[in-house]
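Single-structure report; data block below.
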Amino acid sequence: MTDRKNSLTYADAGVDIDAGNRLVDLIKPMVRATARPGADAEIGGFGGLFDLKAAGFKDPVLVAATDGVGTKVKIAIETKIHTGIGIDLVAMSVNDLVVQGAEPLFFLDYFACGKLDPEATAAIVAGVAEGCRESGCALIGGETAEMPGLYKDGDYDLAGFAVGAAERGTLLPTKDIAAGDVVIGLASSGVHSNGYSLVRKIVEVSGLGWDAPAPFAPVMTLGGALLTPTRLYVKSCLRAIRETGAVKALAHITGGGFTDNIPRVLPNGLGVRIDLAELKMLPVFKWLAAQGGIAEREMLRTFNCGVGMVAIVKAEAAQRVTDVLMSSGETVMPLGQVIAADGDERVVYDNQLDMKP
C-alpha cells in the first residue's frame, strides 16, 4: 500500500493565488490613472461600470472591438522587453473604434500565462494603462489567468476588448463617399502589430540576434526596434472628424495592408487609386523587403509599409483636414483619390514603392 498526499494546494498545481493578489496591488495605481468621466477605473469587483450620461452622450450608439497582439508577443517574451506590448494591445482595438467615428470609452484586458511573474505582468499592464490614457478610455477591468500545462513558464498571450460610442447619425463611413474624394495617409510608427510571423522568419533567415544593432536603426537593438508600439490615432482622428466635418471614412491599415483594408469602408462600385511614390516607406520596411526578398505586392498586402491609418475626405476640405491632423502631431501623406471600380480590383496602384535601403 502506498502513501497518498492528502494536502495538495492550488500552488502545488502551479497556480499562485498570492502572486495574483500581489499583481492586483501593483497595478491598482496604474488603473486609477486611466479614470475619465463615466468611469472611476477601480478594479476588484465582478464587473466594470460605465455611465454614458456622465460621459456626456445623449443618444449614443455603442461600438465594440476586440483584438490581440499576435506573434509580436514572442519577441517581447524572448527579449524580456514588456513595456510597450500593452500599448499595442490597446491600439489594435481603439484604432478600430475611431475608424467608425466612435470615441473609446473603456477597455478590458485578458492576460494568460504559464506562471505568473507579478513584476513582468505589471510592466505589461503599465503599457495597457498608458495606451488607455493616451486614447482617453478607462481601464475598468480585466482577467489574469495562470494556466500551467497550457503555457510554458515565461510564455503569455494578450487579448483586449474596447467599447466606444458615437452619437446616433455620426458614425463612419458616411453614405456620400464619391469618386473624386481625396485619400490621405497617416504615418505609422513601424510594423505595428501585424505580419510578425513573417518578421520573425526574416530575422531567423538574417542570422541576427534580438540584441544585435538594428540594421535600420543602429542606435537600437533589433528586438527593441521591432517592438516599437503601434501608433494611437484616436485623439487626432476624433479632432479631425469633429472640427472639419469633412472626414467621410477611415481605414485602419492592419493585416491585409491597403489592398484588403481600404475596400472595407467603400460602397460597392468604388475603389481608390494610390500613388505609391507618395508613400514614405520607413527604414524597417525597406530592410524587411530586402532581407526577405519580398515582392512589392506582398509588402502591400502584409504590412502597413509606413501608413497606419487612411482617411477619405471631401476634396475641397483636404488641406483643412491635413492641417488639423498635422497640428495634432501626425505626419500626413497625400495618397490618391476615390475612383469608380468594377470587379474585384478596388485598390489600383500607380508607380512603385521606394524599397531601396
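The values are calculated or read from the model by the stated rules, or taken from the named source; none is laboratory data. Please read all numbers here as calculations on a predicted model, not as lab measurements. Cβ placement follows ideal geometry from the backbone for every residue including glycine, while neighbour counts extend to all protein chains displayed. Heads up: the accessible areas ignore ligands, DNA and RNA and are worked out on the full protein's heavy atoms, side chains in. Shrake-Rupley method; radii C 1.70, N 1.55, O 1.52, S 1.80 Å.
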Once normalised by the length of segment 1-123, the mean sequence separation of its alpha carbon contacts under 8 Å that are 6 or more apart gives a contact order in percent of 30
Neighbour cut-off at most 12 other Cβ (10 Å), DSSP loop, trypsin sites (Lys or Arg not before Pro), segment 54-113:
Lys58, Lys80
Compute the long axis of helix 17-32 from its Cα atoms, compare it with the longest principal axis of the Cα atoms of the chain, and write down the angle in degrees, 0 to 90, nearest 10.
40
Convert each backbone phi in segment 221-227 into a coupling constant with the Karplus relation 6.51 cos²θ - 1.76 cosθ + 1.60 (shift: θ = phi - 60°), then list the ³J(HN,Hα) values in order as whole Hz, x for Gly and Pro.
6, 4, x, x, 5, 6, 9
Roughly how compact is segment 222-357, stated as its Cα Rg over 2.2 N^0.38 Å to two decimals?
1.07
Expressed as a percent, the portion of alpha-carbon pairs in segment 1-87 spaced more than 18 Å apart is 71
To the nearest Å, what is the center-to-center distance of segment 42-65 and segment 231-276, using C-alpha atoms only?
26
What does the extension gain come out to for Asp25 and Thr71, with contour length at 0.36 nm per residue minus their alpha carbon separation?
13.7 nm
By accessible area of protein heavy atoms, probe 1.4 Å, what ranking do Leu232, Leu186 get, highest first?
Leu232, Leu186
Would you tell me the accessible area of His82, worked out with a 1.4 angstrom probe on the heavy atoms of the protein chains, in Å² to the nearest 10?
30
A 32 angstrom limit on the alpha carbon distance is what I want to check against. Which of Lys72/Lys356; Lys53/Lys280; Lys58/Lys235; Lys175/Lys280; Lys201/Lys314; Lys58/Lys248 exceed it?
Lys53/Lys280; Lys201/Lys314
Give me the Å³ per residue figure for the convex hull around the C-alpha atoms of segment 42-144.
107
Debye intensity ratio I(q)/I(0), log10, segment 271-321, q values 0.32 Å⁻¹ (C-alpha model):
-1.39
Relative contact order in percent for the chain (Cα pairs under 8 Å, 6+ apart) equals 21
Regarding segment 71-131, what is the average projected area of its C-alpha convex hull, in nm²?
4.4
Between the modelled labels at Asp155 and Ala340 (7 Å from Cα along Cα→Cβ) the distance in nm is 5.4
Percent antiparallel among DSSP beta bridges confined to the chain, rounded to 5, stands at 75
Mean accessible area per residue over the chain (1.4 angstrom probe, all protein chains present, square angstrom) is 46
Hey, what did segment 45-191 get for relative contact order, percent, Cα under 8 Å, at least 6 apart?
36
Quote to one decimal, in nm, the extra length available between Asp211 and Asn268 on full extension: 0.36 nm per residue of separation minus the C-alpha distance between them.
15.7 nm
If you split all Cα-Cα distances of the chain into 10 Å bins from zero, what percentages do you get per bin, shortest first?
5, 23, 29, 24, 13, 3, 1, 1, 0
Ala39 long-range amide H proximity, modeled H, under 5 Å:
Asp51
Would segment 212-269 count as rounded, prolate or oblate if I go by the C-alpha gyration tensor, calling it rounded below 1.5 in a/c and otherwise prolate when a/b exceeds b/c, oblate otherwise?
oblate
Translational diffusion coefficient, Stokes-Einstein: compute it for segment 145-283 using the Kirkwood radius over C-alpha pairs as Rh, at 25 °C and 0.890 mPa s, and state it as an integer in µm² s⁻¹.
131
Within the under-11-Å Cβ sphere about Asp211, not counting Asp211, Lys/Arg +1 and Asp/Glu -1 give a net charge of 0
Amide H neighbours of Val307 under 5 Å, counting only residues 5+ apart in sequence or on other chains, H built in-plane at 1.01 Å?
Ser188
